[in-house]
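Structure first, commentary second.
Values quoted throughout were computed directly from the atomic coordinates according to the rules given, and no laboratory measurement underlies them. The shown structure was predicted, so the numbers you read here are calculated from the model rather than taken from an experiment. Here Cβ is always computed from backbone atoms with ideal geometry, including for glycine, and neighbour counts include all displayed protein chains.
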Amino acid sequence: MRYGNFSHNYRPDRLRKLIKEGKTAKEIMKELSISRWSLKEHLLMLQHKDKTYYEIPGLHDDTGDPHPSYTREGIIFSPKMLDKTGFKPGDRFEMTVEKDKIILTKIT
């Protein structure tokens, strides 16, 4: 697999240094001004380049991430985000935009 320089803010030397310092995923994301998704991508590129496995504390602990995921198919909410809403994974919604809010109505 060949990796290009397509990923923004990819700085392998800086990332390697932060990992070796034991920084958490949150600290690295802040330091490099990148998202969790970008950090995962950068980590894969670095591991491929160095032929070494690196562990970043908190990188795969997505349970505390309160933000939905955005895909080409739409917005994906985690089961934790749906907890106590009455909605379940797989439910579909219709979106309405009104002034300063977005309203999601479950499609039955």
- [ ] Sum up the charges of everything whose Cβ sits under 14 Å from the Cβ of ARG16, counting Lys and Arg as +1 and Asp and Glu as -1, but leave ARG16 out.
- [x] +2
Open item on the list: List the lysines whose Cα sits under 26 Å from the Cα of LYS84, skipping any in the same chain fewer than 8 residues away.
Closed with: LYS101, LYS106
TODO: Sequence neighbours fewer than 8 away in the same chain don't count; with that in mind, list the lysines whose C-alpha is under 17 Å from LYS20.
DONE: LYS30, LYS40, LYS49, LYS51
